[in-house]
Amino acid sequence: MRKFKLGKRAAALALATAMFCGSFFSAGCGDKDEIDYSKVNLIDDNYRTYYEIFVYSFCDSDGDGIGDLKGVTSKLDYIADLGFTGIWFMPLMQSTTYHKYDTVDYYSIDEEYGTLDDFKELLEECDKRGIKVIIDLAINHTSSKHKWFQEMYDYVSGLAAGEEPDASVCKYIDYYNIERGKYGTSSWHRIGSSEYGYEGGFWSEMPDMNLANEDLRGELEDVMKYWLDLGVDGFRLDAAKEFFSGSKSKNVEVLKWLTDYCKSVKEDAYLVAEVWEGFSSYTQYYESGIDSIFGFALADSSGKIAKTINAPAGSGAGRSLADAMVQVQDTIYKYNLNAIDAPFLNNHDIARSTGYFSGNEAKIKMASAVNLMFSGNAFVYYGEEIGMSGSGKDENKRLPMYWSATDGTGITDGPVDADRIESKFAPVDEQMGDKTSLYSCMKRAIWLRNANPELIRGKVSVMEAIEDGDICAVSKTWEDSTIYVLMNLNETEERIISVSKDIYNYKELCGYYSVDGSKVKLAKDGTLTLPPYSIAVLK
Ligand code: CA
């Protein structure tokens, strides 16, 4: 049934997973309780499961308390073992802030994180493990310390009263948005004591760029080419809805330019944009032809996933989730048939799920699993695999990765302004040895994705014959193969349902997931027993 085109990279990954993975949980066909990782054939395409890393807080290799690239490299086996096939790095380039979303130099690695050689080594090590790397590209704005801005600022500051700025003298005046007499608001800031102001919508130290300017576009193309040539696989585009605040059509045009350019340099480059808006709005950005737009409708305490998890039993939340999966697919395909959905539950701007599920371990686990059952490229924020805590101010959402309570190796100090927040759950080293920990459950869910290529690439349909509203039941068809994914969203009750072989064409239970480790069972007559908060994959 499987028609895998196994690239060198995928073969390497299969080997790597065989080496690094334990055997205490299952995914894939054959023996459903145990898996032979060497037989999981990962496909080398742009369908991935991404791990979002904030390097500053992740792992410190040299003891200065700040996470760095060598620290990340030392944890790549950990990341590959969890099953991730992609990494999104929050900004790595030289910056003035701890979060580094204000770029000072687009051609450098911030010295807090290490050197360019460290990054090259990291890319090589990712490649060995079949992990794609995308990096954050913040081009809505630069840092106010960027040389383009500083030259513009010095030039405009030196203008005589009434003198017009002249782009033939200083081209950088057109790289930013400046206007006579417009300053003194939260978004517009005065240039020295001149008559001019510049736009800085997020912060005065993050001046907005004018992405319509052709010279600037040329510079940014050079930047993208530089990183693509170095070996990165694509970019995460920050703040895309603010490129031209209030103008969707202009923003879409910018995304189209960025997408077309990157794919002209590297055919299989992958781009995902942050458009922090509602579903009907952000999906329209797929018109640009970009691969992915983050699925904000699923995320956060008010998103579809949390709503599903928090819905009372018997309220039809399962059926509603299945309908949502189809709706997401149909909506994005309406704009772009090659679109890859980018579901996620949390990121560096959003409170961690442990908080909004009030520490309910089963809910946290199942929410993560639901995210991972969506087609497309699911993104997982570092630390979610162990249920780290963190909400309120941004620094608290970016706390030090909790590797161990007893071994300080690699543990960072985290952002200076972060509060001391005790983790509700055990650190990585303790959870790794526990078969039913948050960590082990997430790993199992990710490997269900890895073992079943239909799960993330397949076209989704609702299994209409499954009438239990607590069950989310969908089929996923990719190439000539169909799998059936059934999730019991009831937190406390087992569900026994009939999955008719007259209606649905499957042979066996191919893999399963449950939050407490109990088994999913399939009888020969198609009777499926789903424990509370569990998932079955039939094929
Ligand atoms: Ca360090």
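Remark: pairs (first residue in the range 58-77, under 17 Å from I109 (Cα atoms) and basic (K, R); second residue in a helix (DSSP H, G or I) and away from the ligand (no atom under 11 Å from the Cβ); Cβ separation under 9 Å; 6+ apart in sequence or on different chains) = K70/E121; K70/L122.
The C-beta contact set for the range 363-392 (first residue on the phi > 0 side of the Ramachandran plot, second residue part of a helix (DSSP H, G or I), distance under 6 angstrom, 6+ apart or interchain) comprises G387/T354; G387/I364; G387/L438; G390/N396; G390/K397. The helices (runs of 4 or more DSSP H) found entirely in the range 5-124 that carry 3 or more residues being at pLDDT 95 or above and either away from the ligand (no atom under 16 Å from the Cβ) or open to solvent by less than 60 Å² (accessible area, probe 1.4 Å) (or both) are 55-58, 69-74, 76-82. Within the range 312-364, can you find the residues that are assigned to a helix (DSSP H, G or I) and among the aliphatic types (A, V, I, L, M)? A317, L321, A322, A324, M325, V326, V328, I332, A362, I364 - these are the residues of the range 312-364 that are assigned to a helix (DSSP H, G or I) and among the aliphatic types (A, V, I, L, M).
If you filter the range 335-348 down to residues that are touching a residue at least 24 places away in the same chain (Cβ under 8 Å) and out of contact with any helix residue (DSSP H, G or I) (no Cβ under 7 Å at 6 or more places or on another chain), you find that the one that is nearest to K304 (Cα to Cα) is A342. When restricted to residues that are free of Cβ contacts under 8 Å to residues at least 60 places away in the same chain and in contact with an Asp or Glu (Cβ under 7 Å, 6 or more places away or on another chain), the range 218-267 contains 3. Any residue at all in the range 385-397 that is touching a His at 6+ places or on another chain (Cβ under 7 Å), over 21 Å from D81 (Cβ atoms) and away from the ligand (no atom under 16 Å from the Cβ)? Looking through the range 385-397, at least one residue is touching a His at 6+ places or on another chain (Cβ under 7 Å), over 21 Å from D81 (Cβ atoms) and away from the ligand (no atom under 16 Å from the Cβ).
Just one of (1) more than 21 Å from L92 (Cα to Cα); (2) in a helix (DSSP H, G or I); (3) among the hydrophobic types (A, V, I, L, M, F, W, C) fails for M224. It is (1).
Considering only residues of the range 524-537 that are more than 21 Å from N452 (Cα to Cα) and part of a loop (DSSP other than H, G, I, E, B), which is most open to solvent (accessible area, probe 1.4 Å)? If you could, list the steps in order and put the result at the bottom.
Taking the range 524-537 first, the residues more than 21 Å from N452 (Cα to Cα) are 524-525, 527, 531-532.
Keeping just the survivors that are part of a loop (DSSP other than H, G, I, E, B) gives 524-525, 531-532.
Numbers: K524: 191, D525: 109, P531: 8, P532: 29 Å².
Only one residue tops the list, namely K524.
The values are calculated or read from the model by the stated rules, or taken from the named source; none is laboratory data. Since the model is a prediction, treat every value here as computed from it, not as a measurement. Heads up, the Cβs are rebuilt from the backbone with ideal geometry, glycines too, and the neighbour counts pull from every protein chain shown. Ligands, DNA and RNA are excluded from the accessible area calculation, which covers all protein heavy atoms including side chains. Shrake-Rupley method; radii C 1.70, N 1.55, O 1.52, S 1.80 Å.
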